[in-house]
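The values are calculated or read from the model by the stated rules, or taken from the named source; none is laboratory data. Since this is a predicted model, take the numbers as computed values, not measurements. All Cβ positions, glycine included, derive from the backbone under ideal geometry; neighbour counts span all protein chains shown. Quick note on the areas: whole protein, heavy atoms, side chains included, nothing else; ligands and nucleic acids left out. Shrake-Rupley method; radii C 1.70, N 1.55, O 1.52, S 1.80 Å.
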Amino acid sequence: MNKSTLRRQLKAARNAFKPAERRHAARAALRLAQRHGLLLRSQRIGFYLPQGGEFDAHPLLNQALWMQRECYLPVLPRRGRVMRFGRLGRNTRMKPNRFGIPEPVDATPLRARQLDLLLMPLLGFDLEGNRLGMGGGFYDATLAFMRHRRLWRKPRLVGIAYECQRVDALPHEPWDMPLDAVLTERQLYRFNSNHTR
């Protein structure tokens, strides 16, 4: 199955969730994250604000803020695809980016390599740690530096998805960055961290 067909099917499955089901799934994922200590060993954590049916990461974000972690959101560049990450705090001013997604106004946003953990939205994943995104290439471009690392990987990459977004196998390209883990409402999947293709 090609990527565009997969994207269409997985987007439909993700969008079928009712608001109450989304809230229940987000709380279940938070409990799993707490049980597995997902946020414990990370000080600087990248999050996302859910758009168009993406899994709601707000409970995880609120938990991280309560734990006094530094929390960041993607900031799109004016040109190109390499994102930076702006700090989110109590008095952070937000402005919509070109897609209408709120992002922090931060004079000195971080590069992805400065994060300890990056929580990422996705459309699909498989048990090899492959991720299918929306197709914009923003995360691929932002994380391209990681392909050259062999021993030390930072940030850890964790996808967040509904269980129905798991597929048997995803087509992947040489530039795709595999995930270290995926958190769903039912399970924390951990993958082999030695990601060399």
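Computed from the C-beta positions of T92 and R190 and an R0 of 45 Å, the FRET efficiency is 0.90 to the nearest 0.05.
For the modelled label position 7 Å from the Cα of A16 along Cα-to-Cβ, which residues of region 122-164 have backbone nitrogen atoms closer than 11 Å? Answer for region 122-164: 164. Rounded to the nearest 20 debye, the dipole size of the chain about its Cα centre is 500 debye, using +1 on the Cβ of Lys and Arg and -1 on the Cβ of Asp and Glu. So, counting K/R as plus one and D/E as minus one, what does the shell of residues with Cβ under 15 Å around P77 add up to? Here the charged neighbours net out to +4. Applying 0.36 nm per residue to the separation of N2 and A144 and subtracting their alpha-carbon distance, the gain on full extension is 48.8 nm. Note down the net charge around N62, summing +1 for each Lys or Arg and -1 for each Asp or Glu among other residues with Cβ under 15 Å from its Cβ. Local net charge: +3.
Heavy-atom surface analysis with a 1.4 Å probe gives the chain a carbon and sulfur content of 50 percent of its accessible area. Annotation: lysines with alpha-carbon distance below 25 angstrom to K3 (same-chain offsets under eight excluded): K11.
With N as its number of residues, the chain has a Cα radius of gyration that, divided by 2.2 N^0.38 Å, comes to 0.96. Membrane-span-like helices in the chain, defined here as complete DSSP H runs extending at least 27 Å along the helix axis by their C-alpha atoms with mean Kyte-Doolittle hydropathy no lower than 1.0, are absent; this is a sequence and geometry rule, not a statement about a membrane. For region 66-173, the relative contact order is 26 percent, taking Cα pairs closer than 8 Å that sit 6 or more residues apart in sequence and dividing their mean separation by the residue count. Summing Lys and Arg as +1 and Asp and Glu as -1 over all other residues whose Cβ lies under 13 Å from the Cβ of P50 gives a net charge of +1. Each label was represented as a point 7 Å from its Cα along the Cα-to-Cβ direction; for K154 and I101 these points are 2.5 nm apart. Amide H contacts for I160 (H built 1.01 Å from N in the peptide plane; partners 5 or more residues away or on another chain; cut-off under 5 Å): M120, L122, L183. The per residue volume of the convex hull around the alpha-carbon atoms of region 101-180 is 113 Å³. Taking region 154-184 and a reference point 7 angstrom along Cα→Cβ of Q9, the backbone N atoms nearer than 15 Å belong to 164-172.
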